[in-house]
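Colleague: Have a look at the structure that comes next, please.
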Amino acid sequence: MKQTKSSEELFHLLALSGQGDRAAFQALYEATSAKLFGLSLRILSRRDLAEEALQDAFINIWHHAQNYRPEKAAVMTWMTTIVRNKCFDLLRAMPKESQLLDEQSMDDWASDDLGPLEKATEQSQSKALLNCMSTLAPLQRQAIALSYFHGMPHEQLATHLAQPLGTVKTWIRRGLQSLKSCLQGVSA
């Protein structure tokens with residue numbers, strides 16, 4: 001079983017990679033690629049697209065490792081942002097792929113190894129949220145999911161969904177109101 005690298009070890013490997021050390025970059029890849037691939041697959045829902053996004057992300061990481069600034073973000077956070085951006089770039093480049101999230105079950109977004117949403121999925125409140133999310137209209141659900149679960153800014157979301165910014169903001173606002181009402185009904 002592969003041992004997880006500490007933040008300090010990842011920083012050291014990234015710093016060496018920034019100096020052109022291929023062995024350090026290989027070690028960085030081996031230590032992080034499984035988790036980053038999981039994120040990519042979760043966003044894109046297709047293995048081929050997830051692999052493409054991950055490959056592009058690691059090329060970007062190799063070329064920009066020397067630009068990493070530890071005071072701005074942890075290594076894993078920095079790399080995760082690059083992978084997420086590559087995934088969103090792929091979705092924008094392939095308009096038909098933007099419907100992937102609509103076809104995906106809300107339960108498929110859960111994971112034990114990522115952020116707070118995935119960790120909270122085990123709790124009953126999260127299950128209630130997922131049930132309430134499934135009652136929203138598909139585009140509304142997708143807008144909220146991309147905005148809150150994946151951190152996509154509203155402006156980028158409007159471009160991604162090919163909708164006016166005001167429309168996207170209205171979908172999110174009304175969707176959040178619906179979620180609030182649904183969740184209040186669950187807790188009552």
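Colleague: Kindly indicate which of Ser33, Ser17, Ser45 is surrounded by fewer than 18 Cβ atoms within 10 Å (Cβ to Cβ), of a type in the set (S, T, N, Q) and either without any contact (Cβ under 8 Å) to a residue 12 or more places away in the chain or closer than 23 Å to Arg69 by Cβ (or both).
Modeller: Among Ser33, Ser17, Ser45, only Ser33 is surrounded by fewer than 18 Cβ atoms within 10 Å (Cβ to Cβ), of a type in the set (S, T, N, Q) and either without any contact (Cβ under 8 Å) to a residue 12 or more places away in the chain or closer than 23 Å to Arg69 by Cβ (or both).
Colleague: Tell me whether region 167-188 contains one or more residues that are among the hydrophobic types (A, V, I, L, M, F, W, C), closer than 17 Å to Asp89 by Cα, assigned to a loop (DSSP other than H, G, I, E, B) and outside the structural domain of Val83 (by TED's automatic domain parsing).
Modeller: no
Colleague: Take the conditions at pLDDT below 85, under 27 Å from Gln184 (Cα atoms) and more than 12 Å from the chain's Cα centre (by Cα) and apply them to Asp113. Does it pass?
Modeller: When the stated conditions are applied, Asp113 does not pass them.
The values are calculated or read from the model by the stated rules, or taken from the named source; none is laboratory data. Everything quoted here is computed from the prediction, not taken from an experiment. Ideal geometry is used to build each Cβ from the backbone, glycine not excepted, and the neighbour counts take in all protein chains shown.
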